[in-house]
Amino acid sequence: MTNQTTAQANQSSHSSGAAHGFAVFAGVIMIMAGAFQAIAGLVGLFANEFYVATRNYLFQFDATSWGVIHLLVGLLVLFAGFAVISGKSWARMLGIVLVGLSALTNFTWIPYYPFWALLIIALDVVVIWALAVYHNPNS
């Protein structure tokens, strides 16, 4: 019985270490993606002609509006990433919601900058997965 208890304790500490690694990974990706999205928003604010949209698109805003949207969403995701890394229990759910909002924002932005929008959506999906599988044994 002692060997079985030791094996279970080792497995539990290994899985919690991997889960903690996923949370740190998600937080770092959130910080990076949020900063990149905020920079894309600043580009939309200060260089209006940089982004060119297709005609007859349902979500047709001017570049300044997209700049404000991306700047705000990016900063929210960035700060939520810091909260995830700090281990706050509420930060995981907030992170999932904000990263989901980021993915939706980038989906509507695909005609303006398709490669970048798809890259951020892919990162958002990975972050949502990492935050969803993380289970803090202390909470």
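Key figures
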{"read-out": "GLY81 being at pLDDT 65 or above, surrounded by 15 or more Cβ atoms within 10 Å (Cβ to Cβ), touching a helix residue (DSSP H, G or I) at 6+ places or on another chain (Cβ under 7 Å) and of a type in the set (Gly, Ala, Ser)", "value": "yes"}
{"read-out": "Residue among GLY100, GLY74 that alone is buried (at least 22 other Cβ atoms within 10 Å of the Cβ) and in a helix (DSSP H, G or I)", "value": "GLY74"}
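The values are calculated or read from the model by the stated rules, or taken from the named source; none is laboratory data. Source: prediction; values computed, not measured. Please note: Cβ atoms are built from the backbone with ideal geometry, for glycine as well, and neighbour counts cover all protein chains shown.
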